[in-house]
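**Student:** Structure incoming, see below.
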Amino acid sequence: MKLATLTAPARAVLVGALAIGGLFAAGAPAPAATAPTPAPAKVLAAPDISLTNVKAHLTQFSSIAAANGGNRAHGRPGYLASVNYVKGKLDAAGFTTSVQQFTSGGRTGYNLIADWPGGDPNQILMAGAHLDSVTTGAGINDNASGSAAVLETALAVSRAGLQPTKHLRFGWWGAEELGLVGSRAYVSSLPSAERAKFDGYLNFDMIGSPNPGYFVYDDDPTIEQTFKTYFAGLGVPTEIETEGDGRSDHASFKNVGIPVGGLFTGAGRTKTTAQVQKWGGTSGQAFDRCYHSSCDTTANISDTALNRNSDAAAYAIWALGV
Ligand code: TRP
Ligand code: ZN
């Protein structure tokens, strides 16, 4: 069964309806049409994110790299082409987009920010992913995977015509691979009054590792629990993310006091036998043997991990933002 996120009043109505049904279930057959049907208007189930659509974005990022010297790295043409691809999709879907420029290593970098119109401007929920690759390859697991999942989640918000309680914002960061440069530039550009409006930031960096683990950041308890609840519903065990320790863009937000969370399927660290028992895969082998290598291509993806984590991204946005 699909997990549904209900607002508190809707949940109360449904719980009440179940209790009424329960009274009749024990005895005689329930009389027809006695219990009032709860209005379904506020039953806000997160959509199932299409793996096909997410993978189509990976294919596009792969083509962009191939057409631009084999990478999508900071300061290279494949990076700006990646920004323009994502921006085109978001603009067509009704987002308000902006491109923020910064300089690192003598080259211009770009962050792409997309706002979904509406929601409480004093309660911002943001999801993001780094869009740059290293220079050695196309960067499909690292991090076309997170970029595509965040893009498809944003497009799902648009398709749902969502009118969330919170203001939803999505971000694609430049120059993460140079040391979280783009996300730090973005956070630094926010006046402290703007930073105070953030309810949370959700990060998606490497979420389709070919020999995957299911790691949840443990920085903020509410965000952490939201992701854990999603995976519990799938019957997939998770572990706390420990390979990172501030090694991705959430650190830029956490450093200024914004609650953060996120998902990760593992990089160069080796999968243990205990982890293979819970998740399958190959022990004694890295979660991503192509981490920062030229073999980080569209073949370097676990479809199962990418699908689960993309759905988890949407689940969290709906659960925390709607
Ligand atoms: N951010 C790193 C990179 O892009 C990858 C990474 C290593 C990571 N450890 C992590 C990402 C933990 C998220 C969490 O190269
Ligand atoms: Zn990387």
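**Student:** Pairs needed: first member in region 91-108, closer than 14 Å to His74 by Cα and in contact (Cβ under 8 Å) with a residue 60 or more places away in the chain; second member anywhere, part of a strand (DSSP E or B) and not β-branched (Val, Ile, Thr); C-beta distance under 7 Å; at least 6 residues apart or different chains.
**Tutor:** Pairs that qualify, where the first residue is closer than 14 Å to His74 by Cα and in contact (Cβ under 8 Å) with a residue 60 or more places away in the chain and the partner is part of a strand (DSSP E or B) and not β-branched (Val, Ile, Thr), are Gln100/Tyr110; Gln100/Asn111; Phe102/Gly109.
**Student:** Within region 234-245, track down each residue that is within 16 Å of ligand 2 (Cβ to nearest atom) and surrounded by 12 or more Cβ atoms within 10 Å (Cβ to Cβ).
**Tutor:** Across region 234-245, the qualifying residues are Glu241, Glu243, Gly244.
**Student:** Condition first: hydroxyl-bearing (Ser, Thr, Tyr), touching a residue at least 60 places away in the same chain (Cβ under 8 Å), more than 18 Å from Ser133 (Cα to Cα) and in a loop (DSSP other than H, G, I, E, B). Now tell me which residues in region 274-305 satisfy that.
**Tutor:** Thr282, Ser302, listed by residue number.
**Student:** Among the residues of region 266-281, count how many are surrounded by fewer than 18 Cβ atoms within 10 Å (Cβ to Cβ) and basic (Lys, Arg).
**Tutor:** Adding up the residues that qualify gives 2.
**Student:** Go through region 209-249 and report how many residues are β-branched (Val, Ile, Thr) and not in a loop (DSSP other than H, G, I, E, B).
**Tutor:** Qualifying residue count for the region: 6.
**Student:** Go through Asp120, Asp132 for me and flag whichever is of a type in the set (D, E, K, R) and away from ligand 1 (no atom under 12 Å from the Cβ).
**Tutor:** Asp120
**Student:** Continuing with this model, one more query. On the basis of being touching a residue at least 12 places away in the same chain (Cβ under 8 Å), outside any helix (DSSP H, G or I) and within 16 Å of ligand 2 (Cβ to nearest atom), does Ser183 make the cut?
**Tutor:** no
Condition check ((1) at pLDDT 95 or above; (2) in a loop (DSSP other than H, G, I, E, B); (3) β-branched (Val, Ile, Thr); (4) in contact with a strand residue (DSSP E or B) (Cβ under 8 Å, 6 or more places away or on another chain)) across all residues:
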{"residue": "Ala56", "(1), (2), (3), (4)": "yes, no, no, no"}
{"residue": "Gln60", "(1), (2), (3), (4)": "yes, no, no, no"}
{"residue": "Gly78", "(1), (2), (3), (4)": "yes, no, no, yes"}
{"residue": "Ala129", "(1), (2), (3), (4)": "yes, no, no, yes"}
{"residue": "Thr136", "(1), (2), (3), (4)": "yes, yes, yes, no"}
{"residue": "Asp142", "(1), (2), (3), (4)": "yes, no, no, yes"}
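The values are calculated or read from the model by the stated rules, or taken from the named source; none is laboratory data. Here the structure is a predicted model, which is why all the values come from computation and not from measurement. Cβ coordinates were reconstructed from backbone atoms using ideal geometry, including for glycine residues, and neighbour counts include every protein chain displayed.
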